[in-house]
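The values are calculated or read from the model by the stated rules, or taken from the named source; none is laboratory data. Here the structure is a predicted model, which means the values were calculated and not measured. Here the Cβ positions follow ideal geometry from the backbone for every residue, glycine too, while neighbour counts run over all protein chains shown. To get the accessible areas, we keep the full protein, side chains included, count just its heavy atoms, and leave off ligands, DNA and RNA. Shrake-Rupley method; radii C 1.70, N 1.55, O 1.52, S 1.80 Å.
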Amino acid sequence: MDLLRWLFEAQVPVGSSSLLVREVVGNVFGLLSALGGMRRKVWAWPVGIIGNALLLTVFLGSLFGDADSATLLGQAGRQIMFIAVSVYGWRRWQQSRNDGGTAVTPQWASGKERLGLVAALLIGTVALTPVFARLGSYEPVWADAWTFVGSLLATYGMAKGWVEFWLIWVAVDIVGVPLLFSAGYYATAFMYVFYGIFTLIGFFVWAKAKKDEKPEVETVMPDPRVMR
């Protein structure tokens, strides 16, 4: 109990301000999850869920005693979404895990699927911006909505094994980093900068894995009745 209380109350002084320990720990778990995802390991999902649960308490700052912290509903909502989609991805990767230990074979999304991802990102951002604004999310609200929708699509794409999901994360980071810096969530913002580099590496790793994939050849034994 004391450890849990310390986790929620502890802060790390940084200059004239401070960072919440649980924000730092949550992002470390997120980084480990990303590393596991790049290697296509099933454990990436439960590790990510732990980080999401911690960050949920961070972005709902006003509800957890952090009166001076900005409430980012999109960031908080995406942690809940992460947990839900991660359960789906965890189960899907467990079912498809092969003998080599990797849980999914990377594949390129079809043209129709790519168009659907772009349309969902744009339409979802437009639709959720007024909702988040009414609920009191931090300005600019559209950026909060963008990171929420993009994160949902990227996590879903990871579960499906689409190589393009890494590029969606890049689009999320480009908008999310300035938003987090302006809101004062410096630990998460710096982690997003690192994520941006990491996601580009992940994209090329998955693309190479797809390129190196050996096609499956079905071998059919000849019918001895026709070999006379």
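Quick grid of which residues meet (1) in contact with a Lys or Arg (Cβ under 7 Å, 6 or more places away or on another chain); (2) modelled with pLDDT under 70; (3) among the basic types (Lys, Arg):
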position	(1), (2), (3)
2	no, yes, no
7	yes, yes, no
12	no, yes, no
16	no, yes, no
20	no, no, no
25	no, no, no
31	no, no, no
39	no, no, yes
44	no, no, no
(request) Can you tell me which residue within the stretch 74-105, out of those that are over 16 Å from the mean Cα position of the chain (by Cα) and aliphatic (A, V, I, L, M), is modelled with the lowest pLDDT? (result) 103
(message) List the residue pairs whose Cβ atoms are under 6 Å apart, where the first residue sits in the stretch 120-145 and is over 17 Å from residue 183 (Cβ atoms), the second is part of a helix (DSSP H, G or I) and of a type outside the set (A, V, I, L, M, F, W, C), and the two are 6 or more positions apart or on different chains.
(response) 121/150
(message) Here are the criteria: (1) surrounded by fewer than 18 Cβ atoms within 10 Å (Cβ to Cβ); (2) under 25 Å from residue 21 (Cα atoms). Tell me which single one residue 200 does not satisfy.
(response) (2)
(message) So in the stretch 184-197, with the set limited to residues that are among the small types (Gly, Ala, Ser) and modelled with pLDDT of 80 or more, which one is least open to solvent (accessible area, probe 1.4 Å)?
(response) 189
(message) Being crowded, with 22+ Cβ neighbours inside 10 Å and either closer than 18 Å to residue 58 by Cβ or of a type in the set (Ser, Thr, Tyr) (or both) is the filter here; which residues of the stretch 139-172 pass it?
(response) 143, 144, 147, 148, 151, 155, 172
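Let's see how each residue does on (1) of a type in the set (Val, Ile, Thr); (2) modelled with pLDDT of 85 or more; (3) touching a helix residue (DSSP H, G or I) at 6+ places or on another chain (Cβ under 9 Å):
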{"residue": "158", "(1), (2), (3)": "no, yes, yes"}
{"residue": "176", "(1), (2), (3)": "no, yes, yes"}
{"residue": "179", "(1), (2), (3)": "no, yes, yes"}
{"residue": "199", "(1), (2), (3)": "yes, yes, yes"}
{"residue": "208", "(1), (2), (3)": "no, yes, no"}
{"residue": "215", "(1), (2), (3)": "no, no, no"}
{"residue": "220", "(1), (2), (3)": "yes, no, no"}
{"residue": "227", "(1), (2), (3)": "no, no, no"}
(request) Go through 153, 121, 167 for me and flag whichever is more than 23 Å from residue 46 (Cα to Cα) and out of contact with any strand residue (DSSP E or B) (no Cβ under 7 Å at 6 or more places or on another chain). (result) 121
(request) Only residues in the stretch 171-187 that are in a helix (DSSP H, G or I) count as the first member; pair them with residues that are crowded, with 16+ Cβ neighbours inside 10 Å and of a type in the set (Asp, Glu), Cβ under 7 angstrom, at least 6 apart or cross-chain, and list the lot. (result) 179/144; 187/23
